[in-house]
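S.K.: Attaching a single structure in C-alpha cells format; questions to follow.
The values are calculated or read from the model by the stated rules, or taken from the named source; none is laboratory data. This structure is a prediction, so every number in the text was calculated from the model and none was measured. Here the Cβ is made from the backbone with ideal geometry for all residues, glycine too, and neighbour counts use every protein chain on show.
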Amino acid sequence: MTNDNDVKNNNSHFLAYIVPPITSIIYYLTEEKTHHVKFHSIQSFIFGIIFLVLFIFTKPFFILVSLFIKPIVALIAFYFYIKLVWSSHNSKSYELPFIGYFIKKYLKNKNN
C-alpha cells in the first residue's frame, strides 16, 4: 500500500520535468525539501537551461550549419527529456551524465 506522501513526492519530482526551467524552480521553492525533489528539480533546471542555450546559439549560425545542428540537438534533447520523465515517473533516479554527479555532490555538501 502506498502512502499519500510517497505519491505526492513521486508526482513532485515527475512534474519538475514538465516545462524544465519553469516548473523545476516552482517545485524546488514550494515543495517539501526531500532529496529526490531537490535533485530532480535542480537537474530539470540545468537540463532546460542547457538546451535553451543550445537552441539560441545555433540560431545565428549559417543557415546550412543550423539545418544540420538543430535537428541533432533536438533529437538529443527529446531523448533525454523522455528518459528523465519516464524514469522519474517510475520512481527511478536517472542521473544525466556529468550533471547528476555534481548535483548529488552539491546536495551532499549542502546537507552537511
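S.K.: Would you please name the residue that is modelled with the highest pLDDT, looking only at residues in region 67-86 that are more than 11 Å from the chain's Cα centre (by Cα) and surrounded by 14 or more Cβ atoms within 10 Å (Cβ to Cβ)?
M.R.: It comes out as Ala74.
S.K.: Give the residue that is surrounded by the fewest Cβ atoms within 10 Å (Cβ to Cβ), with candidates limited to residues of region 89-99 that are within 19 Å of Phe51 (Cα to Cα) and touching a Phe, Trp or Tyr at 6+ places or on another chain (Cβ under 7 Å).
M.R.: The residue in question is Glu95.
S.K.: What pairs come up if the first residue lies in region 18-30 and is touching a residue at least 40 places away in the same chain (Cβ under 8 Å), the second is surrounded by 14 or more Cβ atoms within 10 Å (Cβ to Cβ) and part of a helix (DSSP H, G or I), and their beta carbons are under 6 Å apart, counting only those six or more places apart or on different chains?
M.R.: Pro20/Ser44; Pro20/Phe47; Pro20/Gly48
S.K.: Can you tell me which residue in region 14-34 is nearest to Ser87 (Cα to Cα), limited to those that are assigned to a helix (DSSP H, G or I) and among the β-branched types (Val, Ile, Thr)?
M.R.: Checking each candidate, the answer is Thr23.
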